[in-house]
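Here you go, one structure.
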């Protein structure tokens, strides 16, 4: 298990996503209300890039004809067939047990702190004063 | 050689003795026959208007078409099943039927006037009770209603519900609008409240074309199209959330065929994954909802003579609870007494003949 | 299921074509792109009156989809304009990326057959055909065109077919399944006659506005249902072609059904066969069991791929239909797109793959 | 009030020798048509019935208020059979007492709205043979209509060609509730033949058809259906004008039967007004719609409108034009108009002559 610096915090706005390549894997990185999450980029259905999907809330209902939108910005709809995945867990909404993408631990750290640990900053130089997103693989 | 054996096998049905026949058709009564069961307003105006002389046979099921009257069951009149004696001799006795549900396919259900439709439905139900159910203890009835006016349909259900020989509510497959829509929900609530499944039978109003591409020329084509209407109704009931709103509702599709179910499941489940946010009350895939709430009468079995395809189809459906035995008497769906092909196997056959009907019809189970 | 567990890749073959996509939807950067292909009179008409079809909304589909332009979210060209409107991006994202040797264009915009103004319909059909040549077929040799013909005006449809037939880049005649009358009716036969004369197959892509409700059960509420209704519409069209005797009269006619699925085909064939056996005296011109014509005259494209659970059940369906009847399609850039590498979740033999992904289309279109 | 008018009109009518543009002949028994049909279709009818795009097999979707599908109660022949099935009684009750010189048969049992087109064409042929055999042969005052299955223009034209030499036929009957609006080009081959032979197209209100009579959808009661007959006929007129039928076939004659006529004036105003605004959409329509209507379209009078104030009808007569109107009784239906009493307003002798006789004689080319 290694920790990879994948992005600067300020390059990914709330509600946005980004494709990052880490250790040969394609990973979709999301900023959900200031919190960062990483899931495998490839939809298990037909292989579309989840990082290009629409970030949406969860449509729920107590009974037919009643609509409620909850968990604002916490799901991603596959850009092709619209399957919804929980950005926090990688599980699909319709079939969470069997249809899911791998979810990775994500943390945020100051550039200064990064110099001390076993981080791999593959992509760019790290500056001490800025915040970075770190994915564990 | 294998082909020969298969073909021979296909002619040999499993025993149906002791079964519950969930789709049997006494011939629809002539309008004049219903006069004694109508109130004074309708009785007088029907005679004044000559309605009592009108045939209310539906274009969706011409009563003399070969599919609707099996040749060896046809009476002098050109119809079949028009006397209790005929039904006993041709349907109840030979199949060893323990109980049979009478589905009267009457034009009452599609008359334009809400009130006339309701009056005729009420009369036909009363006629069924007096002329058939009173005389033959093996018979059970369906309460026919016209779906177009839910208020009147509910009134008829409530009026008839005290008679426990009526075991379900019957409407036709093609109506003004898809049956999941909310205008129809009071009917479903009334049915569930009274422990009556809702039977949706092939046929309909033909107020609009039976296909999305216009009017077919031929009856055979229209008959084929009925299955397509059933598919649309099935998805409508599911998508509109009828089973969330009325969780106790059981629906029985009658004379719908069932071999189309696997492809229905596959497509509906797949599409649901992509568009379920449109109907967020659907929290499980359509096939699961169907398997829990909807039942299908056995006939017609639309499969090749080769029993393997039928067996594979049953495996694709993957639900032993879903079929209810039916002869669809006097419709021409099979030869001889071969209503239950060998592909079903003895275990499933028993479920289809007895267990599934009992699980579907609380009123039958109560006095079985 | 893991993220890549069931994905597989097509095997390499040595055929001339390895991958033919039978369903690509080209579009316009802006609606004004049509203008150079219209005369001033029709430009003015379009600007003033717009499209005028047999449905409620004039410029929008009756059931809004779940994504803009019905399209994959990742298919919007970086240069602007809607998906499918930018040839370089279509090449890059689709043709090059997937290694498509031949892609057949299926233009849907402006809906010539659905236009109620008969002369405007003709003008639009001609314009769309010219536009395909100008924008796509001239610059990109991998693409093929579809002849848009005014189905409701058979005489002009035939004239347009005659005009285009010499341009071999047009590989089929495109008709909408939802029409005023079922396709098999004799008023459409001149179109079939022209297609056979020019050795052009017909193709029916889901859609059209014939003025009829989207299902025989009525207008559905939700896109989930409307999407499913394409199956029933295709069934109605096939039943019409068979029962009106089209294939009996035009045994060489080839028709593909695009984007309507295929898992329903076996059970639909069984249903037609059964009904035909009982009622063939109504249609004496239909000489063979309906499923025989399915095997001889009809092809299906694969998208949206049927996805049973378990996936292996699809193997039965493929066997029942015949893998020689299926032609791969992506539906690019629409949301329910199929990727050739991952669409089939059941194993196919190398021969089956070669047939479905290219060989059948080569035969169907006569691409040799 | 009405009584005074009645007295004044009585007596003058009988001598006029009127033309009744709408008489409905009936079969004495349901199988009377069978002997004019080939065996194949007799068998077919026995098994499948005559299926149309309607709910009931052979029965009107909207039951009428009197038996026999809305008959005058006094029209049942003493010798049995339904109203207008017995020629001698039809003479006795209709032709003789009302002084009808010519009566135009409008058979309603034709195959025009039959889903099975081959059956429909066979039924049209049979009905045409039956009209000659049962009616126009024995009774020369009666004139026949060529029933055609209009949805199959080829078959329709073949039937017209087969009948055209027989002057017992004076019009081509097409019902208004066609698959597409009547003006659409699929029907033009029929109109071309009709114009060529100077045979009017008679469009009679229809209880069967491919669409509702009302654009509002399926109605609940017969009172609504009866009213909506006029709507389907208005649609026919508008469609034939705007599709350019009368521009393309300037000598074509269209007779609108059993829809009344008071609506014709406001319809013309509306059509003219909208044509003025939107003629760019229909440049093939060269003249104001009302001009085509005044040139190519005639209206039969029954069921005549009866304003609260009788004299208001005079305005309507002026607006529509008494040269466009042709009297009809609709015998033996319940909403029958009696020529002596139908018009509650005074007509000049010239107007009377035109409406009750001359217009029809010219349109139908009666001797």
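If residue D:77 satisfies every condition in (1) part of a loop (DSSP other than H, G, I, E, B); (2) more than 14 Å from chain B (Cβ to nearest Cβ); (3) in contact with a strand residue (DSSP E or B) (Cβ under 9 Å, 6 or more places away or on another chain); (4) crowded, with 20+ Cβ neighbours inside 10 Å but one, which is the exception?
Of (1) part of a loop (DSSP other than H, G, I, E, B); (2) more than 14 Å from chain B (Cβ to nearest Cβ); (3) in contact with a strand residue (DSSP E or B) (Cβ under 9 Å, 6 or more places away or on another chain); (4) crowded, with 20+ Cβ neighbours inside 10 Å, only one is false for residue D:77: (3).
Which condition does residue C:147 not pass, out of (1) outside any loop (DSSP other than H, G, I, E, B); (2) within 14 Å of another protein chain (Cβ to nearest Cβ); (3) crowded, with 24+ Cβ neighbours inside 10 Å, if it passes all the others?
Failing condition for residue C:147: (2).
Shifting gears a bit: Does segment C:166-183 hold any residues that are out of contact with any strand residue (DSSP E or B) (no Cβ under 6 Å at 6 or more places or on another chain) and under 30 Å from residue D:243 (Cα atoms), and which are they?
Passing the criteria: C:176, C:178, C:179, C:180, C:181, C:182, C:183.
Among B:298, B:234, B:249, B:261, which is over 29 Å from residue B:332 (Cβ atoms) and under 17 Å from the mean Cα position of the chain (by Cα)?
B:249
Can I ask one more? Restricting attention to segment B:189-210, does a residue exist that is within 14 Å of chain A (Cβ to nearest Cβ) and either in a helix (DSSP H, G or I) or closer than 19 Å to residue B:267 by Cβ (or both)?
yes
So, of the residues in segment B:157-175 that are in a loop (DSSP other than H, G, I, E, B) and crowded, with 18+ Cβ neighbours inside 10 Å, which turns out to be nearest to the other protein chains (Cβ to nearest Cβ)?
Only one residue fits best here, namely B:175.
Residue C:289 fails exactly one of the following numbered conditions: (1) at pLDDT 95 or above; (2) closer than 19 Å to residue B:271 by Cβ; (3) within 14 Å of another protein chain (Cβ to nearest Cβ). What is the number of that condition?
(2)
Taking the residues in segment D:28-55 that are within 13 Å of chain B (Cβ to nearest Cβ) and under 23 Å from the mean Cα position of the chain (by Cα) as candidates, determine which candidate is nearest to residue B:110 (Cα to Cα).
Here the answer is D:54.
Of the numbered conditions (1) in a helix (DSSP H, G or I); (2) within 11 Å of chain D (Cβ to nearest Cβ); (3) buried (at least 23 other Cβ atoms within 10 Å of the Cβ), residue B:61 fails exactly one; give the number of that condition.
With (1) in a helix (DSSP H, G or I); (2) within 11 Å of chain D (Cβ to nearest Cβ); (3) buried (at least 23 other Cβ atoms within 10 Å of the Cβ) applied to residue B:61, the lone miss is (1).
Checking residue D:309 against (1) more than 22 Å from residue D:241 (Cα to Cα); (2) in contact (Cβ under 8 Å) with a residue 24 or more places away in the chain, only one condition comes out false. Which one?
Condition not satisfied by residue D:309: (2).
Have a look at B:274, B:241 and point out the one that is at pLDDT below 95 and over 29 Å from residue C:291 (Cα atoms).
B:274
Among the helices (runs of 4 or more DSSP H) confined wholly to segment B:243-352, which include 1 or more residues that are buried (at least 24 other Cβ atoms within 10 Å of the Cβ) and touching a residue at least 12 places away in the same chain (Cβ under 8 Å)?
Result: B:261-275, B:286-293, B:307-317.
Take segment D:203-256 and flag every residue that is in contact with a strand residue (DSSP E or B) (Cβ under 8 Å, 6 or more places away or on another chain), within 18 Å of residue D:324 (Cβ to Cβ) and not in a helix (DSSP H, G or I).
D:203, D:204, D:205, D:252, D:253, D:254, D:255, D:256 - these are the residues of segment D:203-256 that are in contact with a strand residue (DSSP E or B) (Cβ under 8 Å, 6 or more places away or on another chain), within 18 Å of residue D:324 (Cβ to Cβ) and not in a helix (DSSP H, G or I).
Residue by residue, here is whether (1) more than 14 Å from chain B (Cβ to nearest Cβ); (2) buried (at least 21 other Cβ atoms within 10 Å of the Cβ); (3) not in a loop (DSSP other than H, G, I, E, B) holds:
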residue: D:127; (1), (2), (3): yes, yes, yes
residue: D:132; (1), (2), (3): yes, no, yes
residue: D:143; (1), (2), (3): yes, yes, yes
residue: D:172; (1), (2), (3): yes, yes, yes
residue: D:182; (1), (2), (3): yes, yes, no
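Within segment B:84-98, can one find any residue that is surrounded by 19 or more Cβ atoms within 10 Å (Cβ to Cβ), assigned to a loop (DSSP other than H, G, I, E, B) and either within 14 Å of chain D (Cβ to nearest Cβ) or out of contact with any strand residue (DSSP E or B) (no Cβ under 9 Å at 6 or more places or on another chain) (or both)?
no
Inside segment A:10-69, can you point out the residues that are in a strand (DSSP E or B), away from every other protein chain (no Cβ under 11 Å) and over 12 Å from the mean Cα position of the chain (by Cα)?
Hits for segment A:10-69 are A:21, A:22.
Quick one: how many residues across segment D:35-65 are surrounded by 19 or more Cβ atoms within 10 Å (Cβ to Cβ) and part of a loop (DSSP other than H, G, I, E, B)?
Total meeting the criteria: 13.
Looking at segment D:266-286 only, could you name the residues that are surrounded by 18 or more Cβ atoms within 10 Å (Cβ to Cβ) and closer than 19 Å to residue D:312 by Cβ?
Passing the criteria: D:267, D:268.
Being closer than 18 Å to residue D:57 by Cβ and either in contact with a strand residue (DSSP E or B) (Cβ under 7 Å, 6 or more places away or on another chain) or surrounded by fewer than 15 Cβ atoms within 10 Å (Cβ to Cβ) (or both), is that true of even one residue in segment B:36-54?
no
The values are calculated or read from the model by the stated rules, or taken from the named source; none is laboratory data. Just so it is clear, the structure is predicted and the values come from calculations on it, not from any experiment. Positions of Cβ are generated from backbone atoms using ideal geometry, with glycine treated the same way; all protein chains shown enter the neighbour counts.
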